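What follows is a single structure, written as structure tokens, with notes after it.
The values are calculated or read from the model by the stated rules, or taken from the named source; none is laboratory data. Since the model is a prediction, treat every value here as computed from it, not as a measurement. Glycine also receives a Cβ, built like all others from the backbone with ideal geometry; neighbour counts cover every protein chain displayed. Each accessible area value is taken on the protein alone, full model and side chains, heavy atoms only, with ligands, DNA and RNA left out. Shrake-Rupley method; radii C 1.70, N 1.55, O 1.52, S 1.80 Å.
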Amino acid sequence: MLSIALSELVQIFRNRLVLVTSFVMPVVVSGFFIYQHEVFAALGSLGYIAAIVMFTVGAFGLYTTAVTTLAARRQNLFLKRLRSTAAGDAVILSGLLLPLTVISLVQVAVITTVLGVITGPPDNVLLLVAAVLSTVTMMLGLGLATAGLTNSPEHAQVTTLPISLGTIAVASWVGITGTEELTLLKRLLPGGAATELAVNAWNGGVPVADSLLLLAPTLAWVVVAVTLASRIFRWEPRR
């Protein structure tokens, strides 16, 4: 797995489009939110900013890039060649997605640390870590499912839009308006419960046990995404 991951890491740094999607766009957007943190804190809260940073990196840096990467590797038959080796399917996919996952986690850690230095630390760091890890897992699962519907890297620009923009829209909706109204709907939408968990972790004021229950909807989306991926993911281009 590590050899596949190292090879993929080299490919990432050689691809300008991936670099922009994985590094530049999430950092620029997150930097803007931190720079204008007083405005966005007044609109929602500091927890809202943390949630938006988490989903900006997750949606663009991880999800979109993962779908594009898998589609590209399928198109050039790299997936097919890897599958002819002794490596199992889970090892191959883990190796391909590991660099993107690590990069995304580092980005979220650095950006939220900067936010914490500027505005003050989160109320519960471990709860925030749980929110980030569950979100990353969900976006990876959705990425695998979307990759099964994506024919090429160019096609990924279309197939990734509903989920990437949708999760950020849900995060903004929940982060700004809270979950006092339409509670069930907001929590069941992809990203809704994770946003509320991140807001609670940063702002505090909610019992930890109540916040941990918010992991359930996000993990349910992981199960749904992985189930879909197991049915529709393809290792070779369509003929």
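Things to note:
- Segment 36-52: number of residues that are assigned to a loop (DSSP other than H, G, I, E, B) and more than 15 Å from N200 (Cα to Cα): 1
- Counting only helices (runs of 4 or more DSSP H) that sit wholly inside segment 53-157, those with at least 2 residues that are touching a helix residue (DSSP H, G or I) at 6+ places or on another chain (Cβ under 6 Å) and hydroxyl-bearing (S, T, Y) are 65-75, 89-119, 125-147.
- Checking T135, T113, T150, T146 one by one, the residue that is of a type in the set (S, T, Y), at pLDDT 90 or above and open to solvent by 30 Å² or more (accessible area, probe 1.4 Å) is T113 and no other.
- Unmet requirement for I92, which otherwise passes all of (1) open to solvent by 60 Å² or more (accessible area, probe 1.4 Å); (2) more than 28 Å from L214 (Cβ to Cβ); (3) β-branched (V, I, T): (1)
- Residues located in segment 169-210, provided they are in contact (Cβ under 8 Å) with a residue 40 or more places away in the chain, surrounded by fewer than 22 Cβ atoms within 10 Å (Cβ to Cβ) and of a type in the set (G, A, S): S172, G204, G205
- Matching residues, segment 15-25, being modelled with pLDDT of 75 or more and surrounded by fewer than 16 Cβ atoms within 10 Å (Cβ to Cβ): V24
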